[in-house]
Amino acid sequence: MKTAILIDDEHYCNETLEFELDRSAFDIQVVQKCNDPRKGKGLIDQLKPDIVFLDIEMPWLSGFELLDSLDQLNFHLVFVTAYDQFALKAFNYFAINYLLKPVDKNDLHLTLKKIYSIPNTNGIELSNALEAFIKTKSNTGLIALPVSTGFEFIDQSEIIRCEADSNYCTIYFQSRKPLLLSKSLRMIEDLLDDRFYRIHQSHLINTQKLLRIDKMDGGQVELVDGSKVPISRMRKSEFIKSIKSNS
């Protein structure tokens, strides 16, 4: 038997989904239904479900914001939503599936079948092992970036710059195509070492990839790939001072 929590601000949707789970061919026990996503974190931490069925567009807190508030995703995640424009972002959270409302019984069956085909693993042990592995890699100058299929280990010396766009961040490299992540620039900055400098609210650069600093027109830098990035007026003086001190 697997336990499940249903989180959707629409009461009817939770009731309908529970009905379909009860009549499915799989042994699923719904341990809690929640209409207020603000209570979702506490329920997940307390009940430690095997599966979370989660809506995305909800008042107070979106499904993505709820997931970002969790320390670990130690459960199978299934998004249940009326909107299909979030599908790409949803799979960055390693979702098992993305079900559109009204939920099709066949789609739900295939989702549960997929969940039951995954070997049982202690989520906490897996998370701890992954964290230890990532720390080992970081000692060699590599960082672990979350991609749709897991983690990709990147050599920091290959990164030229990072650029924010809302809740997304694009990383530009010296010898590979850019990588788009559904992570904030702050989260990426926290992974990188001291060679990287936040010269603008939306831009983080590798100072070892600098070609020149132009003080005209508010100030900008040119990097080895030919890109030109503006320097925030508030950060300009501090940035130039740091470059002089490290030269």
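Only protein heavy atoms count here; on that basis, with a 1.4 Å probe, H76 has an accessible area of about 40 Å². Compared with the direct C-alpha span, the chain from Y168 to V31 gains 45.9 nm at full extension, assuming 0.36 nm per residue. Using every pair of alpha-carbon atoms in the chain, split the distances into 10 Å bins beginning at 0 and state the percent of pairs per bin, rounded to integers. Binned Cα distances yield the sequence 6, 27, 27, 19, 14, 6, 1. Among I44, I213, I118, the largest mean-square fluctuation in a Gaussian network model of the chain (Cα springs under 10 Å) belongs to I118. Computed from backbone phi with θ = phi - 60° and the Karplus coefficients 6.51, -1.76 and 1.60, the 3J(HN,Hα) list for segment 7-19 is 10, 7, 6, 8, 4, 4, 5, 5, 5, 5, 5, 4, 4 Hz; x is used for glycine and proline. Considering only F196, F26, F94, the mean-square fluctuation computed in a Gaussian network model of the chain, springs between alpha carbons under 10 angstrom, is largest for F26. Over all Cα atoms in segment 12-86, the spread is summed up by Rg and Dmax: 12.3, 35 Å. Restricting segment 192-247 to trypsin sites (Lys or Arg not before Pro) that sit in a DSSP loop and have at most 16 other Cβ atoms within 10 Å of their own Cβ leaves R195, K215.
Computed per residue of the chain from DSSP H runs no shorter than four, each worth -39500 (n - 2.57), the mean residue ellipticity at 222 nm is -9500 deg cm²/dmol. Between the helical axis of 233-246 and the longest alpha-carbon principal axis of the chain there is an angle of about 70 degrees. Atom-type composition of the exposed protein surface of segment 1-115 places 50 percent of the accessible area on carbon and sulfur (1.4 angstrom probe).
Using 0.36 nm per residue and subtracting the Cα-Cα separation, the extra length available between A82 and S237 on full extension is 50.9 nm. Helix 123-138 and the longest principal axis of the C-alpha atoms of the chain enclose an angle of approximately 10°.
A crude spin-label estimate for the pair S24 and D193, with each label 7 Å from Cα along the Cβ direction, gives 4.6 nm.
The values are calculated or read from the model by the stated rules, or taken from the named source; none is laboratory data. Please read these numbers as outputs of a predicted model, since none were measured by experiment. Cβ sites come from the backbone with ideal geometry, for glycine too, and all protein chains shown count toward neighbours. We work out accessible area using only protein heavy atoms, side chains counted, and drop any ligands, DNA or RNA first. Shrake-Rupley method; radii C 1.70, N 1.55, O 1.52, S 1.80 Å.
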